[in-house]
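Beneath this line is the structure, given in structure tokens, with notes to follow.
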Amino acid sequence: MGTRYANRKTKMINFFKADNASWDDITISGISFIIAGLFAIICVTPFIYVIKYSITPYEEYLQNPFSLILKNPTLNAYKMAMDYRYIWTGYKNTLFIALIGTICSMALLVMTAYPLTKRNLKGRKMIMVLWIITMFFGGGMIPNYFLIRNLGLLNNLWSIILPSLLGTYNLILMINYISGLPTSIEEAALIDGANDVQTLFKIILPLCLPILATLGLFTVVGYWNTYFTAIIYLTKRDKWPLQLVLREIVFESAAAEMQHGMAAEERITQPFTLKMSSIVIATLPIMCVYPFLQKYFMTGLVLGGVKE
């Protein structure tokens, strides 16, 4: 027992004496953790209050708006929000946009980035120049609207998916990541008789999981939060994504519609509480995606953003 304690003590002393763990490093690390912790608290506090307000009776909220203590929690606001028919229509539309858009975007991203990593590809530089130009110049809102209208995609969910399928920024990150993979792996596959398609799907693609998870997270969040393009291209309520339904509820027109025809004593849910519950319903599902992709997130972002 005494030997174990002495060994642990020696390891601790050696750790603090090491150059990579000097007191300056420890102090800087401690300050960094404190600052990061404070920023994390600042970021999460509003969401905590939104959850608290969504299950707090309105009278209790008026008495002490900044208290985090719940005395009489209630789920009436969630019940009323779930009974609103356009909530479920919005969920269905948003899930279709997010899932189909992300799958198509990742497939197109891989099939576009992999050939552009080949230095012997004719016209490779010109293709990249054309892609990069789209980062700085665009047709504008009105030409895009006419394009979508002429394609017959107004009030069609594909009008939200197609224009955002392949972004230049994601393409550059993917090209840099694939270019950073060891060329010997690909050469070994070609020597063993694999063609380019087999090399892509059996060798390259499994090695790209970190960057695919990172870019997939960016893409699914972008599709989930789609708002402005939906306002322009989707005018029918049954085609609205969840964010437009949330916008209507926040602007109180839907809140008034929900309570229309109720007796006065049944109108126990205030529009403010209803707004808070709707925000939680629209935000919570996409937040649950982050923990599953966190281990890939930083690795893919760093490796894809560095070009050797």
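All of the numbers you see were taken from the coordinates with simple rules; none came from a lab. Quantities reported herein were computed from a predicted structural model and do not represent experimental measurements. FYI the Cβ positions are ideal-geometry reconstructions off the backbone, even for glycines, and counts take in every protein chain you see.
Applying the Karplus relation 6.51 cos²θ - 1.76 cosθ + 1.60 with θ = phi - 60° to region 82-89 yields 3J(HN,Hα) values of 5, 6, 6, 4, 6, 4, 6, 5 Hz, where x marks Gly and Pro.
Across region 219-232, coupling constants 3J(HN,Hα) worked out from phi with the 6.51/-1.76/1.60 Karplus curve, θ = phi - 60°, read 5, 5, 5, x, 5, 5, 8, 4, 9, 5, 5, 5, 4, 6 Hz, and Gly and Pro carry x. Cα gyration tensor of region 78-305, axes a ≥ b ≥ c as square roots of the eigenvalues: rounded (a/c below 1.5), prolate (a/b > b/c) or oblate? Cα axes put region 78-305 in the prolate bin.
For region 73-78, the Karplus equation 6.51 cos²θ - 1.76 cosθ + 1.60, evaluated at θ = phi - 60°, returns couplings of x, 9, 10, 4, 5, 5 Hz by residue, with Gly and Pro reported as x.
Its alpha carbons considered, region 24-77 gives a radius of gyration followed by a Dmax of 16.8, 54 Å. With the simple spin-label model, which puts each label point 7 Å out from Cα in the Cβ direction, the Ile28 to Trp88 separation comes to 5.7 nm.
So how much slack lies between Met287 and Val44, counting 0.36 nm per residue of separation and subtracting their Cα-Cα distance, in nm?
Values: separation 243, 0.36 × 243 = 87.48 nm, distance 1.19 nm.
Additional length available on full extension: 86.3 nm.
Is the C-alpha gyration tensor of region 126-213 telling us rounded, prolate or oblate? Criteria: a/c under 1.5 is rounded; beyond that, a/b larger than b/c is prolate, otherwise oblate. The shape class here is prolate.
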